[in-house]
1. Restricting to segment 195-213, name every residue that is of a type in the set (Gly, Ala, Ser) and either open to solvent by 60 Å² or more (accessible area, probe 1.4 Å) or not in a strand (DSSP E or B) (or both).
2. Please state which one of Arg242, Arg192, Arg216, Arg254 is under 15 Å from Pro162 (Cα atoms), in contact (Cβ under 8 Å) with a residue 12 or more places away in the chain and either charged (D, E, K, R) or part of a loop (DSSP other than H, G, I, E, B) (or both).
3. Hey, can you tell me all the residues within segment 79-114 that are over 18 Å from Asp39 (Cα atoms), surrounded by fewer than 23 Cβ atoms within 10 Å (Cβ to Cβ) and among the small types (Gly, Ala, Ser)?
4. Tell me whether segment 132-147 contains one or more residues that are open to solvent by 20 Å² or more (accessible area, probe 1.4 Å) and either touching a residue at least 60 places away in the same chain (Cβ under 8 Å) or closer than 27 Å to Ser37 by Cβ (or both).
5. Out of Trp76, Trp117, Trp62, Trp68, report the one residue that is under 30 Å from Pro166 (Cβ atoms), aromatic (Phe, Trp, Tyr) and surrounded by fewer than 24 Cβ atoms within 10 Å (Cβ to Cβ).
6. If Val247 satisfies all but one of (1) surrounded by 15 or more Cβ atoms within 10 Å (Cβ to Cβ); (2) at pLDDT 95 or above; (3) more than 19 Å from Leu115 (Cβ to Cβ); (4) not charged (D, E, K, R), what's the number of the condition it fails?
7. Name the residues in segment 34-59 that are open to solvent by less than 20 Å² (accessible area, probe 1.4 Å) and assigned to a strand (DSSP E or B), would you?
8. Go through the residues of segment 171-185 one by one and say whether even a single one is of a type in the set (Phe, Trp, Tyr), at pLDDT 95 or above and more than 21 Å from Thr113 (Cα to Cα).
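The values are calculated or read from the model by the stated rules, or taken from the named source; none is laboratory data. Keep in mind it's a predicted model, so treat the numbers as computed, not measured. Glycine gets a Cβ as well: all are built from the backbone with ideal geometry, and neighbour counts include every protein chain shown. In case anyone asks, the SASA skips ligands and DNA or RNA and just uses the protein heavy atoms, side chains included. Shrake-Rupley method; radii C 1.70, N 1.55, O 1.52, S 1.80 Å.
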Amino acid sequence: MRTDDGPYGPPDAGLPAPTSVRLGDPRREEADWEGRSLDAGTHSIPVRVYRPGPNPYGWLVWAHGGSWQAGSVEHWHEPVMDLARVSGCTVVSTGYRLAPRHRHPAQLDDVLTALTWAGEQAEPGEPVVVGGDSAGGTIAACAALVRRDRGEPLAAQVLAYPPLDPDCAAPSYSRVPGAFPAAEDLRQAWRRYRGANGIAVRDDQRLHSTPLEAGRLDGLAPAILAVGDLDPVADDVTGYARRLRAVGNDVRLRVFPRTPHAVFLTADGSDPHDPPLRHWLGTALRDRLWPRKETA
């Protein structure tokens, strides 16, 4: 199933063209991958599963960006393959239903379905992680809240420059004139995604459209966050990192200099002394998970 058809919304027009960079040894082969469809009852969810090398460890469910209205597993193919190679994880790149045809919590439900499936594939004791870039990072952060509330722990949450404030009120939204995404465009995207209400309730459980709505942020999966200093959402991300730390969560944050939004999709160099954002995310996740494997 193509993610630019049916419930998965419009094509990827207007998104940055993804480019691939060989991270580490340029002679490394591509990760093996396969496309699948997950049964979600009323619909199917398209995913691509990337397995790097013969002995991957851990499962990472990755939600793509696109302002909750665009994006696809096809468009994110090369960047997610890079992420699998560097992290050493099996990465499940998941599609999800798109706004405005489908509003919150449809997107969150689809990512949670992919997480459940990944957990069923994992070996006993093998860690499961959620992550995403931009709007996908927002959904991933909300999925981490749901999993905490359900008593279904995750080994980590990996968040690349997620927008978190529907009002786009922080100073970083006006710090760099003309920066993408523009505050008014993003506010409109929030409205299309959330509709009239940002919180849904199902079986007495609150399903948040942004983690800033949550009444408590303690007890969450360890967070790996990355954002550029030229990104309009920079203050959202750094502020969220502070809030997570303040209530005792394990947080690793990196702010990349001279870096705009949407760089997960781009190949911006692989200097081992100053790795690009995408490489850093994979390395940070590997550093968290693989010592656990070695001591298991």
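1. Of everything in segment 195-213, those that are of a type in the set (Gly, Ala, Ser) and either open to solvent by 60 Å² or more (accessible area, probe 1.4 Å) or not in a strand (DSSP E or B) (or both) turn out to be Gly195, Ala196, Gly198, Ser209.
2. Arg254
3. The answer is Gly88, and nothing else.
4. yes
5. Checking each option against the conditions leaves just Trp117.
6. (1)
7. Leu38, Ile45, Pro46, Val47, Val49, Tyr50, Trp59
8. Yes: segment 171-185 contains one or more residues that are of a type in the set (Phe, Trp, Tyr), at pLDDT 95 or above and more than 21 Å from Thr113 (Cα to Cα).
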